[in-house]
Amino acid sequence: MTFYPKNDSRSTSILIALLAALGAGIVVGLAIAPKSGQQLRAEIGDTVDDCLSSAGEKAEELRKSASNLAQRGLKEVRKASSKAEQNIGNTVGGAVHTVTSAVDAVT
C-alpha cells in the first residue's frame with residue numbers, strides 16, 4: 001500500500017503561500033494607489049469574495065483528494081484481509097491434513 005502524505009502538505013503549503021501573497025498584494029495595492037472610500041471598500045469586497053471562492057474550490061479539491069485516498073486505503077485493506085483469510089485457510093487445511101496423516105499412521 002502506498003501513501004502520499006507529501007501531496008496533502010504540499011497542497012496546504014501552496015494554499016497558505018497563495019493566501020499570504022494575496023494579502024501582501026492587497027496591502028501594497030492599498031498603499032500605492034489610494035482610492036475613494038466607497039471604491040476601495042467595493043474592491044476589497046470583490047477581492048475577499050474572489051479569495052473565498054478560490055479557497056472554497058481548493059477545499060473541495062482537497063476533500064475529493066482525501067476521499068480518493070481513503071477509498072484506495074479501504075480497497076488495500078480489503079485486499080490484504082482477503083489474502084490473510086486465504087492464507088489462514090491454507091494453513092488450517094495443511095494442519096488438518098498433517099494431523100489426519102499422523103492419526104492414520106498411528107492407527
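The values are calculated or read from the model by the stated rules, or taken from the named source; none is laboratory data. In this text the structure is predicted, and so the values were computed from the model without any measurement. All Cβ positions, even for glycine, are placed from backbone atoms using ideal geometry, and neighbour counts span all protein chains on display.
Annotations for the structure displayed:
- Looking only at the stretch 46-85, and only at residues there that are among the aliphatic types (A, V, I, L, M) and surrounded by 12 or more Cβ atoms within 10 Å (Cβ to Cβ), the one that is nearest to residue 12 (Cα to Cα): 62
- Check on residue 43, modelled with pLDDT under 90, among the charged types (D, E, K, R) and either surrounded by 10 or more Cβ atoms within 10 Å (Cβ to Cβ) or touching a Ser or Thr at 6+ places or on another chain (Cβ under 6 Å) (or both): yes
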